[in-house]
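Computed from the coordinates by the stated procedures, all read-outs in this text should not be read as laboratory data. Since we're looking at a predicted model, the values are computed, not measured. Using ideal geometry, Cβ is built from the backbone for each residue, glycine included, and neighbour counts are taken over all protein chains shown.
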Amino acid sequence: MDETQMLLTAWAAVTETKGEKPLLLDLRELTVITDYFLIASGRNAVHLQALADAVLEKLEEQGVTPKRIEGYREGRWILLDYGFLVVHLMTPEDREFYRLEQLWHGAKSTTPTLA
């Protein structure tokens, strides 16, 4: 699976599972840590876990597994690390507190397409 297809698949999983305020940040010009952050909020721990499960399931169907998963059990900030893509699923309170969008203010906000 190529990177564009992975971005589309992860984005679809988050939006289909009603992730709130999804945002894809293009970090390629800012850091070597990763190329993209996909950030979305969930209403509560159960919703965040459902969002994570949807991303994991859709990408695993394509033979892609994360390098690391953090925070799943706690359900406040779940991180799925796919190398070039890091998915951040957060409660609205944690998202407001950590403000990743502002921390990476130089990143381009984008929507995945098949361009």
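The GluC sites (Glu not before Pro) of segment 15-75 that DSSP puts in a loop, and whose beta carbon has at most 16 other beta carbons within 10 Å, are Glu29, Glu74.
Where both partners of a DSSP beta bridge lie in segment 1-92, what percent of those bridges are antiparallel, to the nearest 5? Around 70 percent antiparallel, to the nearest 5. All C-alpha to C-alpha distances of the chain, sorted into 5 Å bins beginning at zero, yield P(r) values of 2, 13, 25, 27, 22, 10, 2, 0 percent in whole numbers. For the chain, a simple Cβ point-charge model (Lys and Arg +1, Asp and Glu -1, everything else neutral) yields a dipole of about 220 debye relative to the Cα centre.
For segment 9-67, which chymotrypsin sites (Phe, Trp or Tyr not before Pro) pass both filters: DSSP loop (anything but H, G, I, E, B) and at most 11 other C-beta atoms within 10 Å?
Passing both the DSSP loop test and the Cβ count: no residue.
Relative to the compact-globule scaling 2.2 N^0.38 Å, provide the ratio for the alpha-carbon radius of gyration of segment 1-57.
Relative to the rule-of-thumb radius for its length, segment 1-57 sits at 1.17.
By the helix-only formula, in which each DSSP H run with n ≥ 4 contributes -39500 (n - 2.57) and the sum is divided by residues, the chain has a 222 nm mean residue ellipticity of -11000 deg cm²/dmol.
Taking Val46, Val86, Val32 as the candidate residues, the one with maximal mean-square fluctuation in a Gaussian network model of the chain, Cα springs under 10 Å, is Val32.
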